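A.B. asks: The structure is given below, and queries will be raised subsequently.
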Amino acid sequence: MKRIVIPILSLFLIGCGDDPLPKPKAYLRLEYPKATYEKSSIPLPFSFEKNELAEPISSVKSSGSTKGVDIKYPGLKATIYLSYKGINNNLDSLLRDAQNLTQKHTIKADEISQNEFINTEHKTYGMLYEIGGDAASQSQFYVTDSLNHFLSGSLYFYAKPNYDSIYPASEYLKKDIKRIMESVEWKE
């Protein structure tokens, strides 16, 4: 009997080692197609290049002196909202409004970095704000010629903000935002 009990007990002692550990959570590896850009053909006082991955721009919204378009990315569940206003001795208030809109995200943002933008060839100057953390918008920007035109934009996702989950899509769309800023041409 001892010959049977001792080997069985030793198997239990050897077999009962470390407790099993759960596997860590992982995120999907998301890969997006290489961006190809086309010039927009919309009835606005400016043109720009947009990613062909986005839906075609179907309409221009107007509200008083503000005109807007939505660049929708259904596959990424995101939209870049563009708003245009003509400058009429109100550049300071337009800049302040754009900066205040970004600052409203400080409640949920871990960080807000700003990148100055200057394109002397197209007479465009602006700022790109990158918002880190679980904020509603991951990017805000504005572009102006400082005399006649002011364009602002925001990136929003159709999902509850979870920075880790939307980070790959946010980085992909940040390149599109930079391309919009770089390619803006004012129509005189």
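The values are calculated or read from the model by the stated rules, or taken from the named source; none is laboratory data. Quick caveat: nothing in here was measured; it's all calculated off a predicted structure. In this analysis, Cβ positions are derived from the backbone assuming ideal geometry, glycine residues included, and neighbour counts consider all displayed protein chains. Please note that ligands, DNA and RNA were not included when accessible areas were found on the heavy atoms of the full protein model with its side chains. Shrake-Rupley method; radii C 1.70, N 1.55, O 1.52, S 1.80 Å.
A.B. asks: Select from the range 58-71 the residues that are of a type outside the set (Ser, Thr, Tyr) and assigned to a loop (DSSP other than H, G, I, E, B) and write down the one among them that is farthest from residue 86 (Cα to Cα).
C.D. replies: Checked the range 58-71; the qualifying residue farthest from residue 86 (Cα to Cα) is 60.
A.B. asks: Now a separate question. Pairs under 6 Å by beta carbon, first residue polar (S, T, N, Q) in the range 78-103, partner surrounded by 14 or more Cβ atoms within 10 Å (Cβ to Cβ), six or more apart or different chains?
C.D. replies: Pairs that qualify, where the first residue is polar (S, T, N, Q) and the partner is surrounded by 14 or more Cβ atoms within 10 Å (Cβ to Cβ), are 79/70; 79/72; 79/156; 83/68; 83/152; 102/129; 102/140.
A.B. asks: Determine which single condition residue 125 fails, assuming it passes every other condition in (1) in a strand (DSSP E or B); (2) closer than 17 Å to residue 81 by Cβ.
C.D. replies: Status for residue 125: all satisfied but (2).
A.B. asks: Taking residue 103 as meeting all but one of (1) among the polar types (S, T, N, Q); (2) at pLDDT below 80; (3) farther than 18 Å from residue 84 by Cα; (4) open to solvent by less than 60 Å² (accessible area, probe 1.4 Å), write down the number of the exception.
C.D. replies: (4)
A.B. asks: Could you list, in sequence order, all residues of the range 45-70 that are of a type outside the set (S, T, N, Q), under 22 Å from residue 145 (Cα atoms) and touching a residue at least 60 places away in the same chain (Cβ under 8 Å)?
C.D. replies: 45, 46, 48, 49, 50
A.B. asks: Picking from 130, 38, 55, which residue would you name as being assigned to a strand (DSSP E or B), open to solvent by 10 Å² or more (accessible area, probe 1.4 Å) and modelled with pLDDT of 90 or more?
C.D. replies: Details: 130 fails: modelled with pLDDT of 90 or more; 55 fails: assigned to a strand (DSSP E or B).
Going through 130, 38, 55 in turn, just one is assigned to a strand (DSSP E or B), open to solvent by 10 Å² or more (accessible area, probe 1.4 Å) and modelled with pLDDT of 90 or more: 38.
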